[in-house]
1. Of all residues in the stretch B:14-55, count the ones that are more than 10 Å from every other protein chain (Cβ to nearest Cβ), surrounded by 13 or more Cβ atoms within 10 Å (Cβ to Cβ) and charged (D, E, K, R).
2. So which of A:H164, A:H196 ends up being within 30 Å of A:V32 (Cβ to Cβ) and either crowded, with 19+ Cβ neighbours inside 10 Å or touching a residue at least 12 places away in the same chain (Cβ under 8 Å) (or both)?
3. Any residue at all in the stretch A:33-40 that is within 14 Å of chain B (Cβ to nearest Cβ) and either touching a Ser or Thr at 6+ places or on another chain (Cβ under 7 Å) or surrounded by 21 or more Cβ atoms within 10 Å (Cβ to Cβ) (or both)?
4. Taking only the stretch A:252-292 into account, find how many residues are over 24 Å from the mean Cα position of the chain (by Cα) and within 22 Å of A:T107 (Cα to Cα).
5. Within the stretch A:206-222, restricting attention to residues that are within 18 Å of the chain's Cα centre (by Cα) and of a type in the set (D, E, K, R), which residue is farthest from A:Q29 (Cα to Cα)?
6. Name the single residue, out of those in the stretch A:145-203 being more than 14 Å from chain B (Cβ to nearest Cβ) and outside any helix (DSSP H, G or I), that is farthest from A:L84 (Cα to Cα).
7. Quick one: which residue in A:L83, A:L60, A:L74, A:L64 is away from every other protein chain (no Cβ under 11 Å) and within 23 Å of A:N167 (Cα to Cα)?
Amino acid sequence: MATEDTDTGPWSDRGFALGGPDELSEREQAAVEACLRALADDEFVLAERYTEWQVRGPTLEGDLAVANIAQDELGHARLWYDLLEDFGHTEPELIWERPPEDFRHATLVERPFARGDWADAVVRGFLYDEFERLRLDALADTEYPRIADRVGKVQGEEHYHREHARNWLERLAEGRGDPDNGHRRVQEAIDRLFPHALTLFVPTAYEPDIVEFGVRPAPLSELRQAWLDEVVPVLEDFGFRLPVAADAHPEAVDTLLPTARGRDGEHTDAWADLHDEFTFTYRQLDRSEAPRLMVDPDDADEGGDHP
Amino acid sequence: MIFEVFRQETESDYHEHVGNVHAPDEEMARLFAQVMHARRKPANSLWVVPKEEISEVDADDPGVAMGGTTQKAYRWATNYSTGRMAEEIEASEAEQVEAEARRRSTRSEGGDD
């Protein structure tokens, strides 16, 4: 049992090293915020990109499936942005009025899709969702109760994403219909996206604190190794070439990183356009706040799937 | 390929036909069916069936007899609830109820038998 008696939330049966949002030291709060920004921005920007496939998917069913996944990711982003609001940030500050260079997502999620290049969406989903699983597993052990409370909810929707990505990958790799086309497009997407996928694991200046305080107890370097062990063999088994072996030395892997790495605020050229696009309506309507259509996640499902 | 989808709302419901999905194979069909037919409606289970595997009996096909062509109204249970037969049954039931009531009152008067 937890010794502290400060809260009666659903997490109260487990002890946490960190307190609620009002109980953190300045350094602890900075670490929690840095961790949440990477999480929320990854999900939000990926959802923005996925949404471009809406009404443009290869089939009606494929279209709905990817739109459904985009909706899931937006929902996850909302859960994480909501935790940043605990610290007094408003939604416009976090999304609609935030300068593009303040976003902390990895460059993988901001890259544009070439017109009709479904293999790109499939490879991107595969690389991202395998990372997402590892990150969520690590966050299940978080010492910050507000994150712990929400991890399970997000994990529940990720299984479908991974199955979706793997099933498509398998079929494109096997090549039904035109084998060369599917296989070639996946290989090109791997060549193009793999370096950007590595930016998912680029640590920020807050990484030592994030790990030390247990916001995410497993360091990104550990997650990257686990990710390489997972994705490299799967892709190689399908007959694709990878730029590194799963057991390559970390320094060798680092050399593949692109110059812009996202997590430090430096992004690729595609980001400015995407940012401009999703903030366009907000600016055009001269908004200063974001209307809320849904109840706060904390009030949304009382008595729902909490442990 | 077209797969027909049947959705079961709760464990105690029948699977009902809700539409179909296009997919290259069963695995993808199961994946798509979840989004197409269970995302916004409660579902305990989905049956995803290749359309060509479904055997159909069409009422318009020659030689098909859905219920036959001659009068067989006597097979309907509702036919027994009217007419002389029904009156006899009703009277008989009433007699039995009366007899039962009589037996019960005799017993209670008879004390600890």
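The values are calculated or read from the model by the stated rules, or taken from the named source; none is laboratory data. Keep in mind the model is a prediction, meaning the values are calculated, not measured. Every residue, glycine among them, receives a Cβ derived from its backbone with ideal geometry; neighbour counts consider all protein chains shown.
1. 1
2. Only one candidate qualifies: A:H196.
3. no
4. Residues meeting the conditions: 1.
5. A:E222
6. Ranking the qualifying residues of the stretch A:145-203, first place goes to A:V202.
7. Exactly one residue qualifies, and that residue is A:L74.
Rundown of residues vs (1) within 24 Å of A:R224 (Cα to Cα); (2) hydroxyl-bearing (S, T, Y), yes/no style:
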site	(1), (2)
A:A77	yes, no
A:W80	yes, no
A:E85	no, no
A:P92	no, no
A:V122	yes, no
A:T142	yes, yes
A:I147	yes, no
